[in-house]
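The values are calculated or read from the model by the stated rules, or taken from the named source; none is laboratory data. This is a predicted model, so every value here is computed, not measured. Heads up, the Cβs are rebuilt from the backbone with ideal geometry, glycines too, and the neighbour counts pull from every protein chain shown. Ligands, DNA and RNA are excluded from the accessible area calculation, which covers all protein heavy atoms including side chains. Shrake-Rupley method; radii C 1.70, N 1.55, O 1.52, S 1.80 Å.
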Amino acid sequence: MKIAILALISTLIFAMTITAQAPETVTIKAGQRKSAAKGRLKIKFLSVEEDSRCPEGAQCIWAGNAKIKIAVSGMYETKTFELNTNMAPQSVTLDCWAIEIEDLLPAKSGDKATDQKAYEVKLKVTKLQR
C-alpha cells in the first residue's frame, strides 16, 4: 500500500513539473516584427534602451550591458518587456513561452554610437509545458 501511494505521489509530482521543448532561434532587426512558434507569437524589436557594452578591441574590467525593449503578442495578450545582455532579466515568459536574449549585434564600437536601425537581436523562444 505504501509503495502504491509513493508511486502515485511520484507520478503526480513528475507530471506537474515544467519541461521545455526544443528552442527556436529568431533574429529580428530593430523596428521589425517576426513570427515565432509557428505563428503563435509575434515579436517586435522596439529599441535599444542602453548600450554600455565594452567596445571591440578595448580592455574593460566589466563586459557592460545592453538593454533592449521588445513587444510580444501571444494568444491572449500583448506585453512590452525589457531584456538585458548581462544583467537580469535576460528572459521573460508570456503565455506558455519563454523568450531569452542570446545576442545583440553589432558589437559596440569605441569611436561612434550605433544607429538604432543597425541593431539586430537574436532571441531564443522555448515552449513550456506542464
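Restricted to the stretch 84-101, and to residues there that are assigned to a strand (DSSP E or B) and touching a Gly at 6+ places or on another chain (Cβ under 8 Å), the residue that is most open to solvent (accessible area, probe 1.4 Å) is W97. Considering only residues in the stretch 20-77 that are among the polar types (S, T, N, Q) and touching a residue at least 12 places away in the same chain (Cβ under 8 Å), the one that is farthest from V92 (Cα to Cα) turns out to be S52. Exactly one residue out of L123, L104 is open to solvent by less than 60 Å² (accessible area, probe 1.4 Å) and either touching a Phe, Trp or Tyr at 6+ places or on another chain (Cβ under 8 Å) or assigned to a loop (DSSP other than H, G, I, E, B) (or both), and it is L104.
Got at least one residue in the stretch 62-83 being β-branched (V, I, T), open to solvent by 30 Å² or more (accessible area, probe 1.4 Å) and more than 16 Å from K34 (Cα to Cα)?
Checked against the condition, which is being β-branched (V, I, T), open to solvent by 30 Å² or more (accessible area, probe 1.4 Å) and more than 16 Å from K34 (Cα to Cα), the stretch 62-83 yields no hits at all.
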